[in-house]
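Reviewing the structure listed below.
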Amino acid sequence: LLRQPVAAAALGAVCLFSGVPLLTSPHFLWLAAASGLTGILVGDACLYAGALRIGLRPAQVCLSLSAAFTAIIGAMFLGERIGLQGALGIGIATAGVILVVASERGDAHNPPADRRVRARGIALCLLSALMLAVGMIFSKQALSEGMALSLALYRNGVSMIGIILVTALRGSIRPVFAAVREHPGVFRLVPPGCLFGPAGGIWLSCLAIDYLPASVASML
C-alpha cells in the first residue's frame, strides 16, 4: 500500500520525461493489467503472507520455483522449448527447494509455527511463485508490441489500484497508517524499496523478457 503509489509515480515521471507513449492498444493494456494483478497484487500478497508464517528466507527459496513454473507455462502457451537440459534443471531446482525448506524447519531465524501453519505458509509461497510466473507470461505476450517502460508503469498502476481497493474493502487503510505512525522508520525504507523492487526491478525484468525467453529471464 505504501510503495506501489511511489513506484507508479516514479515510473510515470520517467515515461513523461523520456517521451514514452502512454496511450497504446487495448490488447497491450489488458495484458499489462493481467500481469500486474497476478504477478504483483496476488503474488506479493501471497509471498508476504507466507513469509509471516515460515520466515523470509524459506519463502524466497520457494519463490525460486517461479522460473520452473514460467518454463512450463511458457512451453504450454508461448511455444518455448524446455528440452532435456531444461527439464533436468527444473528437477534439480525442485529437489533443491524441497531440501532447503525441509532443513529450515528448526532454524532459529524462522518464526515458531506448528505443522499446519508451516504447510499453509509453504503453500502460499508456492502460489506466489506460480502467480509470478503467470505474470511473466502475460508480460511476455504484452511485449510483442515493445514498450517495456510503459508495461512496467501499467503493471504498477493496476496493482496499485487493486491494492487500494482491497485494503479499503477490508477496512485496513486506517490501521496501516496507524502502524506506520508507530514505526516512522518505515518511511526511510520505502524509497529504496521502490527503487530496487516495483520501480527499477520490474522495469529491468520487463526489459529482460523483451530480449530473452520468459523462462530464462525468470531464472536469471
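Odds and ends about this structure:
- Computed with the Debye formula from one identical point scatterer per Cα of the chain, without solvent, the log10 of I(q)/I(0) at q = 0.09, 0.13, 0.14 Å⁻¹ comes to -0.39, -0.81, -0.93.
- Efficiency of FRET between Leu22 and Ala123 - r from beta-carbon atoms, R0 45 angstrom, step 0.05: 0.75
- Put Phe177, Phe28, Phe77, Phe187 in order of accessible area, highest first, and with a 1.4 Å probe you get Phe77, Phe187, Phe177, Phe28.
- Looking at the stretch 161-220, the accessible area is 68 square angstrom per residue; that uses a 1.4 Å probe and ignores ligands, DNA and RNA.
- Gained length - Val14 relative to Leu78, 0.36 nm times residue gap less alpha-carbon distance: 20.0 nm
- Each label was represented as a point 7 Å from its Cα along the Cα-to-Cβ direction; for Ser172 and Arg57 these points are 2.7 nm apart.
- Expressed as a whole percent, the accessible surface of the chain that belongs to carbon and sulfur atoms is 72, based on a 1.4 Å probe.
- D (Stokes-Einstein, µm²/s), Kirkwood Cα radius, the stretch 1-87, 1.306 mPa s at 10 °C: 99 µm²/s
- Centroid-to-centroid, using Cα positions, the stretch 147-174 and the stretch 20-81 are 15 Å apart.
- Its relative contact order, with pairs defined as Cα atoms under 8 Å and 6+ residues apart, puts the chain at 41 percent.
- Considering helices alone, the calculated mean residue ellipticity of the chain at 222 nm is -24500 deg cm²/dmol, with DSSP H runs of length four and up weighted by -39500 (n - 2.57) and normalised per residue.
- For the pair Ala49 and Arg115, label points projected 7 Å from Cα toward Cβ lie 2.3 nm apart.
- Normalised contact order of the stretch 1-101, rounded percent, pairs of Cα under 8 Å and 6 or more residues apart: 21 percent
The values are calculated or read from the model by the stated rules, or taken from the named source; none is laboratory data. This is a predicted model, so every value here is computed, not measured. All Cβ positions, even for glycine, are placed from backbone atoms using ideal geometry, and neighbour counts span all protein chains on display. In case anyone asks, the SASA skips ligands and DNA or RNA and just uses the protein heavy atoms, side chains included. Shrake-Rupley method; radii C 1.70, N 1.55, O 1.52, S 1.80 Å.
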